[in-house]
1. Would you say Ile275 is within 19 Å of Tyr356 (Cα to Cα) and either within 23 Å of the chain's Cα centre (by Cα) or among the β-branched types (Val, Ile, Thr) (or both)?
2. Which residue out of Lys293, Lys329 is under 15 Å from the mean Cα position of the chain (by Cα), modelled with pLDDT under 90 and loosely packed, with under 15 Cβ neighbours inside 10 Å?
3. State which residue pairs qualify: first residue within 17 Å of Thr181 (Cβ to Cβ) and open to solvent by less than 90 Å² (accessible area, probe 1.4 Å) and inside the range 52-72, second residue in a helix (DSSP H, G or I) and acidic (Asp, Glu) in any location, beta carbons under 7 Å apart, and separation of 6 or more residues or different chains.
4. Which strands (runs of 3 or more DSSP E) does the range 203-290 wholly contain that include 3 or more residues that are in contact with an Asp or Glu (Cβ under 8 Å, 6 or more places away or on another chain) and open to solvent by 70 Å² or more (accessible area, probe 1.4 Å)?
5. Looking at the range 100-111, is at least one residue within 30 Å of Glu128 (Cβ to Cβ), at pLDDT 90 or above and exposed (fewer than 12 other Cβ atoms within 10 Å of the Cβ)?
6. Taking Arg134, is it basic (Lys, Arg) and in a loop (DSSP other than H, G, I, E, B)?
7. If you check Leu115, Leu76, which single one turns out to be under 25 Å from the mean Cα position of the chain (by Cα), open to solvent by less than 70 Å² (accessible area, probe 1.4 Å) and under 16 Å from Ile137 (Cβ atoms)?
Amino acid sequence: MIRTYPVKHNENLNKRIKILELSKEYRLLAKDISSVQWIEFYKRGKFNKNLDIKELDSLLSERYKQTCQYQVVGVLKSFISNRQNEFVRIVYHSNLSEEVKIKLFYINKYKKWFLKEVEMRGELIEKEILKLSRKIIKEIINRHRLPSLKHCNLALDDKVAKISVKGEGANSFDYWIKLSTLDYGHPIDIPIKTNEYFESKEGILKKFCQINIDRESGSIEICLIKDIPSKKESYIPLTPKIAIDLGLRNLFSLSDGSLYGVNFIDKIRQYDKIITGIMQQRQRQGLSPKSKKYKKAVKKFRKYLKNEIHRLLNSIIERYKPGEIVIEKLNFRNPDLSKRMNRLLSVFGKSIIKDYFSSIEELYGIRIKEINPAYTSQTCSTCGYIDEHNRKCQSVFICEYCRKKIHADVNASRNHFLRSSQKKLSDIYSSRETILRELVIQFFERNPGVHSYAHHLLVSNSYFTRFKDELRDKWKVFL
């Protein structure tokens, strides 16, 4: 498992200038490689990291070209991978026949949109379906802004950046990086000083480094890479499964009633006030809202968010040692926050949590199951009754049917837990209408008895009356 760690470095003005010149040329090359790779993609349906790019005009060496192409292809593959997920969602919710859907899923899974012929189970897929798959993937790609590489960082292997271990340089530094520059035959040596956190992480130092250049200040950050060994064999789960509800008042609420990050929203409001205050002041002055001060505040907020999420999730993992974690499809939003803060939370929060879960899944083998969150906050985890009036406020849930009183976020996390074992309710691609219908059916099945006020509740509940004609027999038995 690969992990990246920022480290301290020391370079003089001359070395700094050479690194900045190098990054400028590297980014121009990355942009050109990206254009060539997209042509390759639409011709053959895939990117090629070994594509011949010797003819591309660049001041960089062939070794740099190869290194840069590997990085660009990695970025583009990640972009396409996300588009594949969108392809699945669109086809899943379409009115196409099951047979056509299966063929489209096959084409998409193996990225065969642009092949002239595709064989599945020994038979050729119809050309009309192949044409449809191309139309869908092109439409999806066109909806998004293509990955911009004009500000990409430098991901360099030992062909162009050789790392020397401690003992081979001055005693005051732990490592040295011999970096090839635009001045052929005249590399520069960058001294590196690590830290206690980096040294405490077990793993093998990779012959690879990352150089990040800040767009505004031009400051240089250097990161070393470690390959962290998997702990899957030594990790012994103590809890088979836990479910987590994500919120902002309480960041994480567990199905056993535990709350983590209590009043998390208060700290978010403080950052919201600072960030929106900076924007409003700039707007009153007729200036662009995204000043250096604004970007510094956003960077500080992102760092806080990442540290807090990691700290709390680490505590949960350490306490429960789960075999599986069930979590809703992520959505960081709160009506009490500004549009800007909701957007920042959505962008930063989702990526931080997804990266964390991906990390522990790879490191410990913990299974991560994402479930459909539709109506989890309005459904009683005890009797299954769904009503928009069940949730009395942000933190209080009182079921209108069985009168169960519980913390609203804990109730939601228990619904996550229950749904994780039910295919129809956990499917993240199911529509809200499909989920609602299944919830109504399950309520009838879970509650064969009749309460005196049941008829009044159900006839006044639009969630139930929506399916009254369709589920007439169940209504008669219940009422």
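1. Here the answer is no, as Ile275 does not meet what is asked.
2. Lys329
3. Between residues of the range 52-72 that are within 17 Å of Thr181 (Cβ to Cβ) and open to solvent by less than 90 Å² (accessible area, probe 1.4 Å) and residues that are in a helix (DSSP H, G or I) and acidic (Asp, Glu), the close pairs are Ser58/Glu25; Leu60/Glu25.
4. The qualifying strands (runs of 3 or more DSSP E) are 204-213.
5. Yes, because at least one residue in the range 100-111 is within 30 Å of Glu128 (Cβ to Cβ), at pLDDT 90 or above and exposed (fewer than 12 other Cβ atoms within 10 Å of the Cβ).
6. When the stated conditions are applied, Arg134 does not pass them.
7. Leu76
Okay, residues lined up against (1) in contact with a helix residue (DSSP H, G or I) (Cβ under 6 Å, 6 or more places away or on another chain); (2) basic (Lys, Arg):
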{"residue": "Gln280", "(1), (2)": "no, no"}
{"residue": "Lys295", "(1), (2)": "no, yes"}
{"residue": "Lys306", "(1), (2)": "yes, yes"}
{"residue": "Leu313", "(1), (2)": "yes, no"}
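The values are calculated or read from the model by the stated rules, or taken from the named source; none is laboratory data. Being a predicted model, the structure only gives us computed values, none of them experimental. For neighbour counting, all protein chains shown are included, and Cβ atoms are generated from backbone atoms with ideal geometry for every residue, glycine included. The area values use the complete protein model at the heavy-atom level, side chains included, leaving out ligands, DNA and RNA. Shrake-Rupley method; radii C 1.70, N 1.55, O 1.52, S 1.80 Å.
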